[in-house]
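Engineer: Before anything else, here's the structure in question.
A short reminder: the numbers here are calculations on the coordinates, not readings from a lab. Treat the numbers as computed from the prediction; the structure is a model and nothing was measured. Note: ideal-geometry Cβ built from the backbone for every residue, glycine included; neighbour counts use all protein chains shown.
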Ligand SMILES: Nc1ncnc2c1ncn2[C@@H]1O[C@H](COP(=O)(O)OP(=O)(O)OP(=O)(O)O)[C@@H](O)[C@H]1O
Ligand SMILES: [Mg+2]
């Protein structure tokens, strides 16, 4: 399964959530590739705490070089081997391999041509023959990365492969409006997809939103009645706004709670972090749930 992680805005939690979902999938014995298509800011190595690839790989074999036709084989980093985090280096029994394909250090956004789309399609098809789940973290917004992903999945090489589209957004007014626009708006996912020969109904059925860092809804805990009433109103207004913009409950894969650890540091949350009471169990539950829903065919209307 191909999973494209998108967002309209930057800083939505797209990468941190995606890498934690990738990790949770691998713990279930699933082989997972994490592909950094955030061309303007290829920092996925930092999420996995790979010191020598924090800002991409330095050897001219990153994804930028590959897509530009400068190398035939993009670099793969086995997280369990390359990470600086000792706990992550310890093999979990029964876990599947988790591999990162980083961009190049200093790599930037580029234009998109047919050769690049063909290379992307070939790479993703190859990865699908080795990994059960391939997660592609795309640059924010209506980016070249999104165009490459849409064109590659419409190409004959990938047309019959399962692809899912996740739209990450914060649970705020601006983010709901933006995410609704990315799904349904002009030059958004569905509109741009139809320009590249996707079926709009199928594409929409393959799309779900992920609400990140959502504040606790148990407002009754706040000691201040006016504040509790205001928060309740805002919560209701956000739900109505999401429905009005076509990203109501039926379009939601799941949500993550505000996690203090992630407010300070982008990283994988390990069970060890929860056991040491450094991270909240609800955060790991949310990632586990997202991983489960993502791979559960009942989540998707199309099968
Ligand atoms: N559940 C959460 N609770 C608190 N903070 C979070 C949560 N999820 C993500 N964050 C934090 O939000 C910030 C943005 O997250 P992240 O970098 O994943 O977003 P992004 O959408 O990939 O951004 P960019 O567009 O820059 O690539 C990070 O500091 C991250 O640790
Ligand atoms: Mg990111």
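Engineer: How many of the residues in the stretch 64-83 are outside any loop (DSSP other than H, G, I, E, B) and in contact with a strand residue (DSSP E or B) (Cβ under 6 Å, 6 or more places away or on another chain)? Please lay out each step first, then the result.
Structural biologist: First pass over the stretch 64-83, keeping only residues outside any loop (DSSP other than H, G, I, E, B): 64-67, 77-82.
Those left that are additionally in contact with a strand residue (DSSP E or B) (Cβ under 6 Å, 6 or more places away or on another chain): 64-65, 77-79.
The total comes to 5.
Engineer: Name the residues in the stretch 129-168 that are away from ligand 1 (no atom under 16 Å from the Cβ), surrounded by 19 or more Cβ atoms within 10 Å (Cβ to Cβ) and closer than 18 Å to residue 21 by Cα, would you?
Structural biologist: 131, 133, 134, 163, 164
Engineer: Could you list, in sequence order, all residues of the stretch 240-288 that are assigned to a loop (DSSP other than H, G, I, E, B), loosely packed, with under 13 Cβ neighbours inside 10 Å and away from ligand 2 (no atom under 16 Å from the Cβ)?
Structural biologist: Step one: list which residues in the stretch 240-288 are assigned to a loop (DSSP other than H, G, I, E, B), which gives 245-248, 258-259, 265-270, 276-280.
Within this subset, residues satisfying the condition of being loosely packed, with under 13 Cβ neighbours inside 10 Å are 265, 276-278.
Within the stretch 240-288, 276, 277, 278 qualify.
Engineer: Counting residues that are without any contact (Cβ under 8 Å) to a residue 24 or more places away in the chain, which helices (runs of 4 or more DSSP H) fully inside the stretch 84-198 reach at least 1?
Structural biologist: On the way: elements: 86-89, 114-130, 144-154, 173-184, 189-195.
Because the criterion is at least 1 residues that are without any contact (Cβ under 8 Å) to a residue 24 or more places away in the chain, the helices (runs of 4 or more DSSP H) in the stretch 84-198 that meet it are 86-89, 114-130, 189-195.
Engineer: Here are the criteria: (1) closer than 19 Å to residue 143 by Cβ; (2) more than 16 Å from ligand 2 (Cβ to nearest atom). Tell me which single one residue 6 does not satisfy.
Structural biologist: Residue 6 satisfies every listed condition except (2).
Engineer: Taking the stretch 28-44 as the search range and keeping residues that are crowded, with 18+ Cβ neighbours inside 10 Å and more than 13 Å from ligand 1 (Cβ to nearest atom), which one is nearest to residue 13 (Cα to Cα)?
Structural biologist: 35
Engineer: List every residue pair whose Cβ atoms lie under 8 Å apart, where the two residues are 6 or more positions apart in sequence or sit on different chains, the first residue falls within the stretch 246-261 and is closer than 18 Å to residue 284 by Cα, and the second residue, located anywhere, is near ligand 1 (Cβ under 7 Å from one of its atoms) and part of a loop (DSSP other than H, G, I, E, B).
Structural biologist: Listed by first residue and then by second, the contacts come to 256/13.
Engineer: Let me ask another. Could you list all residues from the stretch 56-79 that are surrounded by fewer than 18 Cβ atoms within 10 Å (Cβ to Cβ) and under 19 Å from residue 20 (Cα atoms)? Quick ask: steps written out before the conclusion?
Structural biologist: Filtering the stretch 56-79 for residues surrounded by fewer than 18 Cβ atoms within 10 Å (Cβ to Cβ) gives 58-60, 68-73, 76, 78.
Matches in the stretch 56-79: 76, 78.
Engineer: With respect to the numbered conditions (1) under 25 Å from the mean Cα position of the chain (by Cα); (2) without any contact (Cβ under 8 Å) to a residue 60 or more places away in the chain; (3) away from ligand 2 (no atom under 16 Å from the Cβ), which one is the sole condition not fulfilled by residue 232?
Structural biologist: (1)
Engineer: Continuing with the same structure: Filter the stretch 33-51 down to residues that are part of a strand (DSSP E or B) and farther than 10 Å from residue 102 by Cβ and give me whichever is farthest from ligand 2 (Cβ to nearest atom).
Structural biologist: Selected residue: 33.
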